[in-house]
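Working notes, structure below.
The values are calculated or read from the model by the stated rules, or taken from the named source; none is laboratory data. Treat the numbers as computed from the prediction; the structure is a model and nothing was measured. These accessible areas exclude ligands, DNA and RNA; they are computed on the full protein's heavy atoms, side chains included. Shrake-Rupley method; radii C 1.70, N 1.55, O 1.52, S 1.80 Å.
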Amino acid sequence: MSKGLPKRSEDYSLWYNELVKKAGLAENSAVRGCMVIKPYGYAIWEKMQRQLDDMFKATGHENAYFPLFVPKSLFEAEEQNAEGFAKECAVVTHYRLQNDPDKPGKLRVDPNAKLEEELIVRPTSEAVIWNTYKNWIQSYRDLPILVNQWANVVRWEMRTRLFLRTAEFLWQEGHTAHATDKEAIAEAEQMLEVYATFAEQYIALPVVRGVKTPSERFAGALDTYCIEGLMQDGKALQAGTSHFLGQNFAKAFDVKFATKDGGLEHVWGTSWGVSTRLMGALVMAHSDDEGLVLPPKLAPIQVVIVPIYKGDEQLAQITEKVNQLKRELMAKGISVKFDDRDTERPGFKFAEWELKGVPVRIAIGARDLENGTAEVARRDTKEKSTQQFDNLANYIPALLDEIQENIYNKALAFREEHTTSVDSYEEFKEVLETKGGFVLAHWDGTAETEERIKEETKATIRCIALATPEEEGVDMITGKPSKKRVYFAKAY
């Protein structure tokens with residue numbers, strides 16, 4: 001099997017795009033800027049979705065569903081939010097087609113079917129949800145509201161890349177309402193930690209927890225919390241955000257509640273979300289020139305078993321042994337595929353499953369049957385070992401845990417190696433160009449300095465890390481005082 005993948009070191013962007021397609025994750029569609037998520041890619045997304053959904057419900061959240069369309073008057077009610085998304089909106093203006101009298105067999109928009117009010121295809125759902133909450137909330141007894149939605153959204157992107165930036169993408173968006181600002185802030189921080197835990201324990205991606213600068217905040221939020229991961233090309237990727245909305249949306253939609261002491265106040269809100277962009281993070285953080293490297297917890301197939309045989313009799317003997325092992329592993333919650341296709345040779349199968357990132361491959365032939373052994377290959381290190389077949393049901397679960405931990409530790413070591421503190425602008429620019437990664441530098445807190453650095457270097461402040469200690473210093477450009485280094489990087 002010829003994989004035909006470019007090398008990461010030669011063209012990282014092309015390597016990524018080709019890997020996503022050749023590994024069967026996604027492909028471009030007939031709709032410009034939109035993608036088709038293929039079954040293998042969607043199986044990974046389902047595992048992400050299932051785990052996140054369990055984590056949301058464990059923290060008291062419930063799922064609901066809201067309309068795809070947002071009336072323009074609702075969308076523009078919160079001015080900052082409307083302005084922030086205005087350039088990315090797809091707008092529905094008509095509701096009917098008709099036969100084109102000038103072009104037989106073709107259709108045109110019926111000019112008499114213009115909507116009284118334009119509908120926005122949701123780029124995010126705050127507007128329609130907060131308009132709904134107005135009907136749900138009258139008293140402090142109705143609070144908090146802890147709702148999540150699994151949905152698709154549309155943001156009209158001109159330059160797209162599979163999973164990372166597409167006009168339509170899948171995501172979840174949580175929208176909560178609270179009686180106090182403290183409760184809302186605690187909710188936003190809690191959900192940030194849920195995202196960080198998921199990224200580190202399941203995607204095996206170490207992340208920096210932080211807050212965005214005012215110019216990078218979600219439109220309409222008072223604070224935006226984020227997790228930032230580092231990809232193998234030295235660029236950062238925002239992997240999730242959680243927003244403290246204050247009372248902005250409650251005031252825009254007049255959502256008030258009667259307090260315990262008889263007063264009337266606007267509620268406090270949050271929103272938070274992650275998207276299929278996590279699929280891009282999964283690919284870019286771990287994969288190599290041979291294909292995907294999937295953390296076992298998110299791999300659709302955790303173990304693939306390839307028989308090596310001559311004739312139906314040998315295959316039957318191997319199949320009997322493999323079915324027993326398969327039952328034992330599946331009883332422990334491990335997904336197993338027995339690749340007994342007779343249309344492909346073992347070498348082709350090895351290459352194919354390597355490309356697809358299956359964490360563990362077991363090969364068993366006639367000699368293995370005689371010896372009571374099997375060859376076990378792990379995808380993360382490409383190491384092979386001979387194991388006693390009867391012990392595989394105990395060996396494999398521990399090996400999967402080891403692989404999960406090793407993939408995380410490798411990504412962590414890469415991040416630590418590519419996190420650099422600098423004090424001068426010259427050093428800052430040199431590190432960005434030669435080494436990449438996160439660059440820790442002092443910042444004077446002004447949007448002007450932030451914008452200048454972005455224009456001159458294409459690096460942005462990824463976050464003000466929550467765990468970074470205070471440290472007296474001066475801005476590397478203006479010389480103005482600073483109390484904390486912030487995380488800069490070029491980013492997706």
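Below are the figures for this structure:
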{"item": "Using θ = phi - 60° and Karplus 6.51 cos²θ - 1.76 cosθ + 1.60, couplings along segment 294-305 (whole Hz; Gly, Pro as x)", "result": "9, x, x, 5, 10, 6, x, 10, 8, 9, 10, 10"}
{"item": "Percentage relative contact order, segment 216-323, counting C-alpha pairs under 8 Å, at least six apart", "result": "19 percent"}
{"item": "Shape box of segment 25-80 [Cα atoms, principal axes, largest first, Å]", "result": "41, 39, 19"}
{"item": "Theoretical gain in end-to-end length, Gln190 to Thr468 [0.36 nm per residue, Cα-Cα removed]", "result": "98.2 nm"}
{"item": "Ratio of the Cα radius of gyration of the chain to 2.2 N^0.38 Å, where N counts its residues", "result": "1.12"}
{"item": "Span from the segment 44-77 Cα centroid across to the segment 335-354 one, whole angstrom", "result": "38 Å"}
{"item": "Rounded, prolate or oblate (a/c below 1.5 giving rounded, otherwise prolate when a/b exceeds b/c) for segment 418-492 by Cα gyration tensor", "result": "rounded"}
{"item": "Hits among lysines - C-alpha to C-alpha of Lys103 under 24 Å, sequence gap 8 or more where chains match", "result": "Lys114"}
{"item": "Across Lys235/Lys332; Lys38/Lys297; Lys47/Lys337, pairs whose alpha-carbon gap is larger than 27 Å", "result": "Lys235/Lys332"}
{"item": "Rounded tilt (10° steps) of 12-22 against the dominant C-alpha axis of the chain", "result": "70 degrees"}
{"item": "Cα-based Rg / Dmax (Å) for segment 335-449", "result": "22.8, 73"}
{"item": "Whole-percent carbon and sulfur share, accessible surface of segment 15-169, 1.4 Å", "result": "49 percent"}
{"item": "Alpha-carbon centroids, segment 250-323 and segment 441-457: separation in whole Å", "result": "35 Å"}
{"item": "Cα pair count fraction exceeding 29 Å, expressed as % - segment 197-352", "result": "49 percent"}
{"item": "Cα-based shape type of segment 150-208, given that a ≥ b ≥ c are square roots of the gyration tensor eigenvalues and the cut on a/c is 1.5", "result": "oblate"}
{"item": "Reachable aspartates and glutamates from Lys483, criterion Cα separation under 14 angstrom, eight or more residues apart if same chain", "result": "Asp423, Asp444, Glu470, Glu471, Glu472, Asp475"}
{"item": "Rounded tilt (10° steps) of 425-434 against the dominant C-alpha axis of the chain", "result": "30 degrees"}
{"item": "Global geometry of segment 339-403, whether rounded, prolate or oblate, following the gyration tensor of its Cα atoms and the 1.5 cut on a/c", "result": "oblate"}
{"item": "With DNA, RNA and ligands ignored, accessible area of Val36 (1.4 Å probe; Å², nearest 10)", "result": "60 Å²"}
{"item": "Accessible area per residue in Å² at 1.4 Å probe, computed on the chain", "result": "47 Å²"}
{"item": "Accessible area in the full protein assembly, largest first, 1.4 Å probe, for Ser287, Ser335", "result": "Ser335, Ser287"}
{"item": "Acute angle (nearest 10 degrees) that the helix 311-331 long axis makes with the longest principal axis of the chain, alpha-carbon atoms", "result": "40 degrees"}
{"item": "Cross-link pairs beyond the 30 Å C-alpha cut-off, checked among Lys251/Lys490; Lys410/Lys458; Lys87/Lys251; Lys57/Lys349; Lys182/Lys490; Lys57/Lys382", "result": "Lys251/Lys490; Lys57/Lys349; Lys182/Lys490; Lys57/Lys382"}
